[in-house]
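A.B. asks: Below is the structure I would like to discuss, written out as structure tokens.
The values are calculated or read from the model by the stated rules, or taken from the named source; none is laboratory data. Quick caveat, the model's predicted, so the values are computed rather than measured. So basically every Cβ, Gly included, is an ideal-geometry build from the backbone, and we count neighbours across all protein chains shown.
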Amino acid sequence: MSRGLGGNIVGTARPDSPAERAGIRPGDMLLTVNKKRIHDSIDLVFYTDSLDLNISVKRKDRIIRTTVIRDEGEDLGIELRPFRIKTCRNRCIFCFVSQLPKGLRRSLYIKDEDFRMSFLYGSYITLSNITPAEKKRIIEQRLSPLYISVHSTDREIRNTLLGNNNAADIMKELKWLAKNRIRIHVQIVLCPGYNDGDKLMSTINDLHKFYPYVSSIAVVPV
């Protein structure tokens, strides 16, 4: 998630707000706040808790540095454009998006695999393409709870369901999340002949080991 993908572009700057008075304008690329890089609206909220903010923005080919001074409880006064959603690379045998009919609104066809969407909106992700930098950010910013599509704790079965032989070991990922006290809501899409019966019970027993950080398990039959 590099800069310039839309998530750090100022969409609006409220008139006479602290940001507007400091010279920040719609269309500016928000680079840093108090030397912390800004990628999206989550970063903006996380790094703007101070009253005095040293901000750098890019406007066309210029880097502009300014200081925003706020009163206690005063909003910064800007909104960022939506970030570009990280998409799914799996080829799940049950993929709901792939089975949608044509002609629906475009947003329904987005196969998101973005931890930010999981945190903000409860979208389920598989953690199959999460990077070390993203994992570090989840812990630093306490992005909890997350919603995880597990399907099976047996790696071979899960990789078959995901259509991805290179998917991460979900037990290791869940252990890492629980160790760092990130709450998890789990989804199991139940596919007859793949992850049902005794295999389902084994998955549930494995997930129970991570209680209370695995806070819920939703089983979705197909």
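A.B. asks: Count, please, the residues in the range 181-209 that happen to be of a type in the set (Asp, Glu), over 27 Å from Pro132 (Cβ atoms) and not in a loop (DSSP other than H, G, I, E, B).
C.D. replies: Selection size over the range 181-209: 1.
A.B. asks: Which of the residues belonging to the range 130-180 are among the aromatic types (Phe, Trp, Tyr) and outside any helix (DSSP H, G or I)?
C.D. replies: Tyr147
A.B. asks: On to the next question. Quick one: Arg116 ticks every box in (1) surrounded by fewer than 20 Cβ atoms within 10 Å (Cβ to Cβ); (2) in contact with a helix residue (DSSP H, G or I) (Cβ under 9 Å, 6 or more places away or on another chain); (3) not in a loop (DSSP other than H, G, I, E, B) bar one, so which box is it?
C.D. replies: (1)
A.B. asks: Based on what the data block shows, is Arg65 more than 27 Å from Leu120 (Cα to Cα), free of Cβ contacts under 8 Å to residues at least 40 places away in the same chain and either assigned to a strand (DSSP E or B) or outside the structural domain of Arg142 (by TED's automatic domain parsing) (or both)?
C.D. replies: Spelling it out, Arg65 is indeed more than 27 Å from Leu120 (Cα to Cα), free of Cβ contacts under 8 Å to residues at least 40 places away in the same chain and either assigned to a strand (DSSP E or B) or outside the structural domain of Arg142 (by TED's automatic domain parsing) (or both).
A.B. asks: Answer with yes or no whether Cys92 is within 27 Å of the chain's Cα centre (by Cα), within 22 Å of Leu143 (Cα to Cα) and not assigned by TED's automatic domain parsing to the domain that holds Ser149.
C.D. replies: no
A.B. asks: Could you identify the single residue in Met117, Met29 that is on the phi < 0 side of the Ramachandran plot and out of contact with any Gly (no Cβ under 8 Å at 6 or more places or on another chain)?
C.D. replies: Result: Met117 is the single residue among Met117, Met29 that is on the phi < 0 side of the Ramachandran plot and out of contact with any Gly (no Cβ under 8 Å at 6 or more places or on another chain).
A.B. asks: Which ones in the range 184-206 are under 16 Å from Leu127 (Cα atoms), buried (at least 17 other Cβ atoms within 10 Å of the Cβ) and not polar (S, T, N, Q)?
C.D. replies: Ile184, Val186, Ile188, Val189
A.B. asks: Now a separate question. Could you please find all residues in the range 104-143 being touching a residue at least 60 places away in the same chain (Cβ under 8 Å) and among the acidic types (Asp, Glu)?
C.D. replies: Selection gives Glu134 alone.
A.B. asks: Also, quick follow-up: Is it true that Ile85 is at pLDDT 95 or above and β-branched (Val, Ile, Thr)?
C.D. replies: Considered against the rule, which asks whether it is at pLDDT 95 or above and β-branched (Val, Ile, Thr), Ile85 comes out as no.
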